[in-house]
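Worksheet: one structure, shown below.
The values are calculated or read from the model by the stated rules, or taken from the named source; none is laboratory data. Predicted, not measured: the structure shown is a model, and the values here were computed from it. Please note: Cβ atoms are built from the backbone with ideal geometry, for glycine as well, and neighbour counts cover all protein chains shown.
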């Protein structure tokens, strides 16, 4: 089982659940696809038109940013913990 | 009256002939609402909702904003490199095509929905237009901000792109050509290029669909032949520069603009807030100021000016500093509806 923690805006898609448990997923890309099957539309908030993680969204696997690993192809295994978080950003127009 | 702001959407309703307004909202608190419109054909509200982290979306409401549903968003094809950054404009199609809705996005592209905004399809012809790799953005981004559908001929579509110019399709979007003849640019060596002009807004004459008006970075223009060519009608306006433009609902010769000092100073000239209009298709202009505070240092963004379809015609304007004004007599006098809104990005109005 993989634990997935989400926050903020995404809770509108999950019925306000912050913590999810997902099984049988190979990597981050397939995890987001499964989440989208459970909560339609959530993928469009996390990924852009090419299924790449949006610039101001960060996905961490066991505390490591997937951008420092294999991005959306980062492998997942039983017991992993995934956080999907908005980045620290803002200021000029926000 | 539908007001999109930097921090959410507000709905203002009037039940006494537009004398007083009651506010509700904000909807989508904290989100940028680039456009919010009422589709009278489907009794449907559509909003462009943008979140800096979670991206753009189109939201739909069949109960006047009590509840919203996010549509399957417009997306570029996976074989390309582009990704939708913002939805700048949502435009319902013609009465004869009740489920057709268009949206214009950044980077500049046209999407069409054939199911009242639930799903969107990219315009392939524009996507593959031979000049598209050479399109360059204006200061606000490479955005498609204007979509005009000819009510009498829905296959006749004009779009406005900053800083590309006006494009027209006579075949419902199957093919496109530029329509920038005689439109001046001061920022290119070629002062009258085929494309690369910085159109800010285009409106269509309500009774003579072949007549178009254009507020441009470099002037105010009129076309009497459906955009085939343009002539400068700045005339006595205090500035050629501005963003919004709106056509009066009753008087086809009357169009409204909000001149700003210039791209170097984006406030209305001479410390006065004024909506300028014309009663003779742009030959002469005069300011409408009754009811506005003086002095004033307001700026109005591209979608910040709107008219309704009532008689006498209503005019509505929202400023970048959150003041919302309404007129129910063609702009001859104005009243402050709200002075405490966030930065106003878009205003539209409709009877329901």
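Values for this structure:
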| item | result |
| --- | --- |
| Residue ranges of strands (runs of 3 or more DSSP E) in region B:10-129 with at least 2 members closer than 23 Å to residue A:43 by Cβ | B:32-39, B:44-51, B:55-61, B:86-92, B:101-106, B:109-113 |
| Residue in region B:289-302 that is in a strand (DSSP E or B), in contact (Cβ under 8 Å) with a residue 24 or more places away in the chain and touching a strand residue (DSSP E or B) at 6+ places or on another chain (Cβ under 7 Å) present | no |
| Condition check for residue B:311: surrounded by fewer than 15 Cβ atoms within 10 Å (Cβ to Cβ) and either touching a helix residue (DSSP H, G or I) at 6+ places or on another chain (Cβ under 7 Å) or outside any loop (DSSP other than H, G, I, E, B) (or both) | no |
| Condition met for residue A:57 (within 14 Å of chain B (Cβ to nearest Cβ) and surrounded by 12 or more Cβ atoms within 10 Å (Cβ to Cβ)) | yes |
| Qualifying position, being over 9 Å from the mean Cα position of the chain (by Cα) and closer than 24 Å to residue B:73 by Cβ, among A:51, A:68 | A:51 |
| Complete set of residues in region B:32-75 that are within 15 Å of residue A:12 (Cα to Cα) and more than 14 Å from chain A (Cβ to nearest Cβ) | none |
| Number of positions in region A:81-94 that are more than 8 Å from chain B (Cβ to nearest Cβ) and under 13 Å from the mean Cα position of the chain (by Cα) | 5 |
| Filtered residues of region B:81-101 (kept if within 12 Å of another protein chain (Cβ to nearest Cβ) and either at pLDDT 95 or above or in contact with a strand residue (DSSP E or B) (Cβ under 8 Å, 6 or more places away or on another chain) (or both)) | B:82, B:83, B:84, B:85, B:86 |
| Residues (under 21 Å from residue B:330 (Cβ atoms), outside any loop (DSSP other than H, G, I, E, B) and touching a residue at least 60 places away in the same chain (Cβ under 8 Å)) located in region B:198-242 | B:201, B:212, B:213, B:220, B:222 |
